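Trainee: If you scroll down you'll find the structure; I have some questions about it.
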Amino acid sequence: MSPFIGVWRYVGTWVEGDPTNRGAQRKGFIFYTTSGEMAAQVAPDRETKTAGAESADDGAKAALADYVSYLGTYSVDEHAGTVTHHRQANVQPGPLSDVVRAYEFKGDRLILRPVGTKQEIVWERIR
């Protein structure tokens, strides 16, 4: 079975060794299934204020700021050491383009690196 299969908890994101600021209590999950589906969500640690039961435009924008959420299928290229997320839906503006990440497994951690960047997104397997 592929080592990707399962649910992973978001640990944090680093750029050139420095942590990005998503707050102390950031939350997130990524999962990969045996049938080739995946989904990722990362929520920053901050309170979002709304007026009433529904957000106005500014409230909706604030709620989605720095929130990452997408789903689709995935494929692994073991020779290149990359996993590609074929996004079918997401909350971010822009096209539904594929997301390619170099990957590394270290114990119970999965490190994803956007190709061509010095960013590391770290996930820990949930057992």
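Trainee: Could you give each residue of the stretch 64-79 its phi-based ³J(HN,Hα) in whole Hz, using Karplus coefficients 6.51, -1.76, 1.60 with θ = phi - 60°, and x for Gly or Pro?
Mentor: So the J values, rounded to whole Hz, are 8, 4, 6, 8, 10, 7, 7, 8, x, 10, 9, 9, 10, 10, 5, 5.
Trainee: Let me check I've understood the local charge: for ILE121, count other residues with C-beta under 9 angstrom from its C-beta, Lys and Arg +1, Asp and Glu -1. What total comes out?
Mentor: Around ILE121, the surrounding residues sum to +1.
Trainee: Another question, if that's okay. Going toward the positive end of the dipole of the stretch 73-127, with +1 on Lys and Arg Cβ and -1 on Asp and Glu Cβ, which of SER75, GLY116, PRO93 do you reach last?
Mentor: PRO93
Read the figures in this text as sums done on the coordinates, not as results from a lab. All of these numbers come straight from a predicted model, not from anything done at the bench. Glycine gets a Cβ as well: all are built from the backbone with ideal geometry, and neighbour counts include every protein chain shown.
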